[in-house]
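Novice: So that we are looking at the same thing, I have put the structure below in structure tokens.
The values are calculated or read from the model by the stated rules, or taken from the named source; none is laboratory data. Small disclaimer: the values here were computed from a predicted structure and weren't measured. Cβ sites come from the backbone with ideal geometry, for glycine too, and all protein chains shown count toward neighbours.
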Amino acid sequence: VTTPSLALALLLFTMVSPVFTFLLQPLMAWHSRKNEFEADSYAAQQTNPQDLITALIKLYEENASTLTPDELHSRFYDSHPPALERIKHLQMEQ
């Protein structure tokens, strides 16, 4: 094949991109968790932090999420901090 093919380029891109996104995943997750802490701080300044803690616990219960996930997995993949970390952060805001 001597002519460039857009379809072939797209196929190659979709096959290669997971390698790079896998390597960048911890950095992207860290950045997202940092933003969540900033959002929690802002919300705590605007409202009662205890109400936010109650809402977080209720959300985690309703979504059947674990309050204590595996730390390594959480740091690598999770875009939101674990509930206990968020609760501790909100308690410091009081």
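Novice: Tell me which residues, restricted to the range 58-75, are of a type outside the set (Phe, Trp, Tyr), in a helix (DSSP H, G or I) and under 25 Å from Thr47 (Cα atoms).
Specialist: Those that are of a type outside the set (Phe, Trp, Tyr), in a helix (DSSP H, G or I) and under 25 Å from Thr47 (Cα atoms): Lys58, Leu59, Glu61, Glu62.
Novice: Determine whether the range 35-47 contains at least one residue that is within 29 Å of Pro18 (Cβ to Cβ), among the acidic types (Asp, Glu) and part of a loop (DSSP other than H, G, I, E, B).
Specialist: For the range 35-47, residues within 29 Å of Pro18 (Cβ to Cβ), among the acidic types (Asp, Glu) and part of a loop (DSSP other than H, G, I, E, B): absent.
Novice: Across the range 76-88, what is the total count of residues that are assigned to a helix (DSSP H, G or I) and within 16 Å of the chain's Cα centre (by Cα)?
Specialist: 7
Novice: Return only the number of the condition from (1) surrounded by 12 or more Cβ atoms within 10 Å (Cβ to Cβ); (2) under 17 Å from the mean Cα position of the chain (by Cα) that Leu23 does not satisfy.
Specialist: Here Leu23 clears every test but (1).
Novice: Being of a type outside the set (A, V, I, L, M) and surrounded by 13 or more Cβ atoms within 10 Å (Cβ to Cβ) is true for just one of Ser32, Ser17. Which residue is that?
Specialist: Checking each option against the conditions leaves just Ser32.
Novice: If the requirement is being hydrophobic (A, V, I, L, M, F, W, C), loosely packed, with under 13 Cβ neighbours inside 10 Å and modelled with pLDDT under 90, which of these qualifies: Ala64, Ala39?
Specialist: Unique residue meeting the criteria: Ala64.
Novice: Residues Ala55, Ala9: which one is in a helix (DSSP H, G or I), surrounded by 12 or more Cβ atoms within 10 Å (Cβ to Cβ) and of a type outside the set (D, E, K, R)?
Specialist: Ala55
Novice: Inside the range 13-41, can you point out the residues that are free of Cβ contacts under 8 Å to residues at least 40 places away in the same chain and within 12 Å of His89 (Cα to Cα)?
Specialist: Lys34, Glu38, Ala39
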